[in-house]
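Pasting in a structure now, in structure tokens, and then I'll have a few things to ask.
The values are calculated or read from the model by the stated rules, or taken from the named source; none is laboratory data. Because the structure is predicted, anything quoted here is derived from the model rather than measured. Ideal geometry is used to build each Cβ from the backbone, glycine not excepted, and the neighbour counts take in all protein chains shown.
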Amino acid sequence: MDAIGNGPLPHYSAFCVVWLYNHEHYHSSLGLLTPATVHYGQATDLLEKRQRVLDAAYAAHPERFVKKHPTVQSLPDAVWINRPQPLLETGVEPPPGV
């Protein structure tokens, strides 16, 4: 790599940023899951495991949960960065919370 940043490193750093975003960044709109977890179909299993942990915590110390029994956040029906064009043209509204 030369002094102004030309060379293989910028390519690798861009890859790392995308990989970290997809595999390490937990999104609140995805039920605090990573995009990769949802994309590869692992979300349901992971959310069930989380719920079992919350159930065990509630059973052991219900006094810590003053409002209600804790539940995991559910996945939305659909998530878009940009809404698909056919939906924009037809006027179909997205599901609530998306």
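Give the residues of the stretch 23-43 that are hydroxyl-bearing (Ser, Thr, Tyr), surrounded by 14 or more Cβ atoms within 10 Å (Cβ to Cβ) and assigned to a helix (DSSP H, G or I), sorted by residue number.
Going through the stretch 23-43, the residues hydroxyl-bearing (Ser, Thr, Tyr) turn out to be 26, 28-29, 34, 37, 40.
Then drop every residue that is not surrounded by 14 or more Cβ atoms within 10 Å (Cβ to Cβ), which leaves 34, 37.
Answer for the stretch 23-43, where residues must be hydroxyl-bearing (Ser, Thr, Tyr), surrounded by 14 or more Cβ atoms within 10 Å (Cβ to Cβ) and assigned to a helix (DSSP H, G or I): just Thr37.
What tally of residues in the stretch 32-88 results from selecting those that are closer than 29 Å to Val17 by Cβ, in contact with a Pro (Cβ under 8 Å, 6 or more places away or on another chain) and in contact (Cβ under 8 Å) with a residue 12 or more places away in the chain?
Total satisfying the criteria: 4.
Which of the residues belonging to the stretch 44-81 are acidic (Asp, Glu) and in a loop (DSSP other than H, G, I, E, B)?
Matches in the stretch 44-81: Asp77 only.
Let me ask you something else. Give Pro62, Pro35, Pro84, Pro70 a once-over and let me know the one that is modelled with pLDDT under 85 and either of a type in the set (S, T, N, Q) or on the phi < 0 side of the Ramachandran plot (or both).
Being modelled with pLDDT under 85 and either of a type in the set (S, T, N, Q) or on the phi < 0 side of the Ramachandran plot (or both) holds for just one of Pro62, Pro35, Pro84, Pro70, which is Pro84.
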